[in-house]
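Participant: Quick one: the structure is below, questions incoming.
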Amino acid sequence: MGCCSSKNVDSKATRMARWRSTGIVSLRDSKLKTFPDEVLDLHNSVRTLDLTHNRVVDIPMEISKLNNLQRLVLADNLIEHLPVNVGNLQYLKVMTLDGNRITILPDELGQLVRIERLSISGNLLTRLPDTIGSLRNLVLLNVSNNKLEFLPESIGSCFSLEELQANENSIEDLPSSVCNLIHLKSLCLDNNNVKQIPPNLLTDCKALQNISLHDNPISMDQFQQMEGFQEFETRRRKKFDKQIDANVMISSKGLDEGVDL
């Protein structure tokens, strides 16, 4: 009995030492039901925390102890909400929350000013906080497969945004501020209720190469009649010409990507 106990202690000590030296804590598929307290004891040693595919329900307030955390991956759990002090993770660059049960995000999300990639697909979100506009370094935002009826006007302040994925929601209109996203390359809104998009979207978003609007009320005619459509079409085709020149294999559907309606 004493031997086994000693072995378990050694195993935990070895694991903690490895986590501390690498800064990477990966506990995927570990059948966890609660957030591992031992991780919190590592404090500023942790840079990546991956708890994908467990049954964790709650994220403790003490997560703010991990004040050097850069990547937080909590996909495929049973999480219903985030603690407000998640905003204290000032070095966070990537947060993945796909496949949980989150209904609302705290306003403190806007304090994550270094975040570059935020993915919250497959949850139960009914709205995004207005503070999301404070995420000026955000490059990718994925809010697909939720219950959103609109995107906040403040999203137009996410000036670095290149990819916005909001498929499988109930969005009817896009805020006019989307036209401020001059670095936006891809806008995906399949399976929503979009009837129209801001009239100057194609003229103001000069980096836009892909728009996907499958299964929305908006028609192809409406889209093609928008000012700036020809310039958009040129960018779209140039993108795929480059892929073909580089011998990238794509399907025939891929050649039509960018004007999916």
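Participant: Could you list all residues from the range 158-207 that are under 16 Å from GLU116 (Cβ atoms) and surrounded by fewer than 20 Cβ atoms within 10 Å (Cβ to Cβ)?
Facilitator: From the range 158-207, those under 16 Å from GLU116 (Cβ atoms) are 158-165, 181, 183-186; that's our starting set.
PHE159, SER160, GLU162, GLU163, GLN165, HIS183, LYS185, SER186, listed by residue number.
Participant: Show me the strands (runs of 3 or more DSSP E) entirely contained within the range 1-115 in which 2 or more residues are out of contact with any His (no Cβ under 7 Å at 6 or more places or on another chain) and surrounded by fewer than 15 Cβ atoms within 10 Å (Cβ to Cβ).
Facilitator: Working: elements: 24-26, 48-50, 71-73, 94-96.
Those strands (runs of 3 or more DSSP E) span 24-26.
Participant: Out of the residues in the range 105-154 that are under 19 Å from CYS179 (Cβ atoms) and of a type in the set (D, E, K, R), which is nearest to the chain's Cα centre (by Cα)?
Facilitator: Within the range 105-154, the match that is nearest to the chain's Cα centre (by Cα) is ARG136.
Participant: Only one residue in ASN137, ASN146 is assigned to a loop (DSSP other than H, G, I, E, B) and surrounded by 19 or more Cβ atoms within 10 Å (Cβ to Cβ), so which one is that?
Facilitator: Numbers: ASN137 fails: surrounded by 19 or more Cβ atoms within 10 Å (Cβ to Cβ).
Residue meeting the stated conditions: ASN146.
Participant: Does any residue in the range 140-152 that is in the same structural domain as SER176 (by TED's automatic domain parsing) come within less than 8 Å, Cβ to Cβ, of a residue that is basic (Lys, Arg) six or more places away or on a different chain, and which pairs are these?
Facilitator: So the pair list comes out as LEU140/ARG117; LEU148/ARG127; GLU149/ARG127; PHE150/ARG127; PRO152/ARG127.
Participant: Any residue that is under 28 Å from GLN111 (Cβ atoms), β-branched (Val, Ile, Thr) and under 14 Å from the mean Cα position of the chain (by Cα) - is there at least one of those in the range 161-182?
Facilitator: No: zero hits.
Participant: Would you say ILE155 is surrounded by 20 or more Cβ atoms within 10 Å (Cβ to Cβ), of a type in the set (Val, Ile, Thr) and more than 21 Å from VAL73 (Cα to Cα)?
Facilitator: Taking the combined requirement at face value, the residue satisfies it.
Participant: Right, another one. Could you name every one of the helices (runs of 4 or more DSSP H) located completely within the range 197-251 that has at least 1 residues being in the same structural domain as ASN142 (by TED's automatic domain parsing), at pLDDT 95 or above and within 25 Å of GLY156 (Cβ to Cβ)?
Facilitator: Details: elements: 201-204, 220-224, 229-245.
Those helices (runs of 4 or more DSSP H) span 201-204.
Participant: Something else: If you go through the range 1-35, how many residues are at pLDDT 95 or above and hydrophobic (A, V, I, L, M, F, W, C)?
Facilitator: 6
Participant: Here is a follow-up. Of everything in the range 58-82, what is more than 17 Å from LEU105 (Cβ to Cβ) and aliphatic (A, V, I, L, M)? Give them in sequence order.
Facilitator: LEU66, LEU69
The values are calculated or read from the model by the stated rules, or taken from the named source; none is laboratory data. A quick note: this is a predicted structure, and the numbers were derived from the prediction, not measured. Here the Cβ is made from the backbone with ideal geometry for all residues, glycine too, and neighbour counts use every protein chain on show.
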